[in-house]
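So the structure is just underneath, and the comments pick up after that.
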There are 2 protein chains.
Amino acid sequence: MADGTGTGVGDGGHDGMRKRAGRAELSPEKVLAKAIEVIDSDGLEAFSMRQLAKGLGVTPMALYWHYPKRHDLVRAVVAEVLSDVVPAHAPHWEDWLRDYMHRFRAAIARHPNVAPLIGGQLISNVSGNLDMIEALLTRLEEAGVPEHRMVQAYNSVMGGMVGFVTQEFALVPAQSDAGWDSRMKEVLGGIDAERHPHLHAMRSRMENRSFILRWENGATKPMDDSFDTFTEVMIAGIRALTV
Amino acid sequence: MADGTGTGVGDGGHDGMRKRAGRAELSPEKVLAKAIEVIDSDGLEAFSMRQLAKGLGVTPMALYWHYPKRHDLVRAVVAEVLSDVVPAHAPHWEDWLRDYMHRFRAAIARHPNVAPLIGGQLISNVSGNLDMIEALLTRLEEAGVPEHRMVQAYNSVMGGMVGFVTQEFALVPAQSDAGWDSRMKEVLGGIDAERHPHLHAMRSRMENRSFILRWENGATKPMDDSFDTFTEVMIAGIRALTV
DNA sequence: ACCTGAACACCGTTCAAGT
DNA sequence: ACCTGAACACCGTTCAAGT
């Protein structure tokens with residue numbers, strides 16, 4: 001599925017099962033699995049070629065045989081995480097789209113620390129996602145989106161969905177930036193009822209539960225009902241496009 | 001406005017205008033300005049404390065007096081870029097929201113390379129944005145969003161807006177990852193008309209113009225009409241919330 | 001084919017010191 | 001108050017070598 005680079009495929013077979021000295025029995029799959037394990041348990045900043053190698057009991061350079069560039073491994077990680085997105089099956093496009101968006105979010109929620117890798121950069125390994133894209137286009141056509149607005153509708157759903165979720169699970173400042181959460185709480189506590197009446201009134205319901213005004217991300221403070229609402233907003237908005 | 005850390009404010013004044021040897025006449029503002037300049041012209045990967053110091057003709061450590069941590073400077077950069085977002089003035093909430101979203105995007109478009117800094121991590125320096133948040137809450141109330149859905153509506157707009165734009169201007173792979181764009185073109189060229197009929201039909205209109213299927217970002221291929229559509233989708237969706 | 005080892009050109013940051 | 005200089009613990013990656 002995620003085959004790394006294509007370089008190391010096929011053993012040749014002539015040396016059979018024998019282990020040789022100086023061989024760590026590495027494989028693209030083992031490296032990938034360890035990478036995800038490290039990211040999940042120790043965070044994104046622990047995901048370096050050197051720390052990964054140490055975790056695998058191997059020289060940093062050993063990894064480069066399976067993944068020539070760090071970015072290749074990043075791509076594989078993203079592809080693996082997104083391969084968890086099982087396609088939805090609902091008959092009506094609205095139910096389908098709701099399901100689609102929730103399944104995407106669920107896949108990220110399983111590996112929240114990879115979110116910055118998905119949101120922050122253009123990922124080239126697209127081959128596995130073609131089915132996902134085709135399905136979305138099909139349902140948008142069913143919904144009645146006219147052909148000349150299809151690309152815009154696709155981008156709206158995809159950009160909104162991926163954007164919201166990667167925001168929700170955005171990187172929290174490292175422990176080195178200590179005290180930034182208390183500074184945030186201070187700002188929130190000091191909101192002036194005259195200058196910001198609505199914000200003042202909503203403060204307790206918004207703090208640490210809404211974008212910009214939080215100090216934890218979706219891994220510890222998931223925005224479940226906000227994402228539900230976002231889904232409804234998108235569905236109603238797409239429906240309005242079909243006039 | 002963006003005062004860095006608050007540590008270096010006030011000269012004391014007793015040494016007047018005299019320059020001393022070993023002093024580079026640095027200031028938080030000068031460092032910030034140079035940082036944005038470097039990011040804009042040389043890209044985000046050129047934004048390191050050491051390269052920045054070299055550009056300012058100074059020791060790397062000189063910067064740390066004005067910004068104790070790199071993250072403090074990152075925060076200042078983000079605050080500065082977002083301070084460009086002038087508030088909208090339209091009387092009707094729909095026009096206002098459309099304007100709001102476009103002004104946010106325009107601010108990012110002026111400094112596209114900072115987008116990953118905004119999308120990828122929780123930013124604590126929120127003080128300057130309180131007006132923006134208050135304004136949005138006010139307009140959402142005007143729109144008729146009921147109080148018990150206000151937080152969700154706020155998160156939908158904010159998450160969608162920031163998410164879409166940071167996705168649009170996401171980091172393009174470094175030149176070291178050469179050939180990834182041609183691999184992408186190859187994938188697109190090889191789309192099977194049987195397996196992916198809609199995608200096949202839309203290919204020429206989607207390639208390099210839609211999420212996942214592009215090799216340039218919004219800095220060179222802006223998604224103007226997709227963002228317009230996204231704005232309409234959000235407005236219609238919010239309207240549907242007000243039942 | 002697959003891995004080790006040494007080396008290069010980078011990072012952010014601490015600590016002691018200068019003026 | 002503001003900056004230099006040396007040093008530490010990291011990075012990704014290249015290159016030559018081993019088996």
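The values are calculated or read from the model by the stated rules, or taken from the named source; none is laboratory data. Since we're looking at a predicted model, the values are computed, not measured. Cβ placement follows ideal geometry from the backbone for every residue including glycine, while neighbour counts extend to all protein chains displayed. The area values use the complete protein model at the heavy-atom level, side chains included, leaving out ligands, DNA and RNA. Shrake-Rupley method; radii C 1.70, N 1.55, O 1.52, S 1.80 Å.
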Does A:Asp192 count as assigned to a loop (DSSP other than H, G, I, E, B), open to solvent by 30 Å² or more (accessible area, probe 1.4 Å) and of a type outside the set (Gly, Ala, Ser)? yes
Open to solvent by 60 Å² or more (accessible area, probe 1.4 Å) and free of Cβ contacts under 8 Å to residues at least 40 places away in the same chain, is that true of A:Val86? yes
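Condition check ((1) free of Cβ contacts under 8 Å to residues at least 40 places away in the same chain; (2) surrounded by fewer than 18 Cβ atoms within 10 Å (Cβ to Cβ)) across all residues:
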site	(1), (2)
A:Asp95	yes, yes
A:Met101	no, no
A:Ile108	no, no
A:Ala115	no, no
A:Ile118	no, no
A:Gly144	no, yes
A:His148	yes, yes
A:Tyr154	yes, no
Members of the range A:181-212 found to be touching a residue at least 24 places away in the same chain (Cβ under 8 Å) and more than 10 Å from every other protein chain (Cβ to nearest Cβ), listed by number: A:Lys185
Keeping to the range A:159-180, report how many residues are buried (at least 22 other Cβ atoms within 10 Å of the Cβ) and either touching a His at 6+ places or on another chain (Cβ under 7 Å) or facing chain B (nearest Cβ under 7 Å) (or both). 9
Scan the range A:37-77 for residues that are of a type in the set (Ser, Thr, Tyr), within 15 Å of A:Ser27 (Cβ to Cβ), without any contact (Cβ under 8 Å) to a residue 40 or more places away in the chain and more than 7 Å from DNA strand D (Cβ to nearest atom) and report the count. 0
Answer with yes or no whether B:Arg183 is more than 26 Å from A:Phe169 (Cα to Cα), modelled with pLDDT under 95 and either surrounded by fewer than 18 Cβ atoms within 10 Å (Cβ to Cβ) or touching a Leu at 6+ places or on another chain (Cβ under 7 Å) (or both). yes
May I ask you to say which residue of B:Leu130, B:Leu213 is surrounded by 19 or more Cβ atoms within 10 Å (Cβ to Cβ), of a type in the set (A, V, I, L, M, F, W, C), at pLDDT below 95 and not in a helix (DSSP H, G or I)? B:Leu213
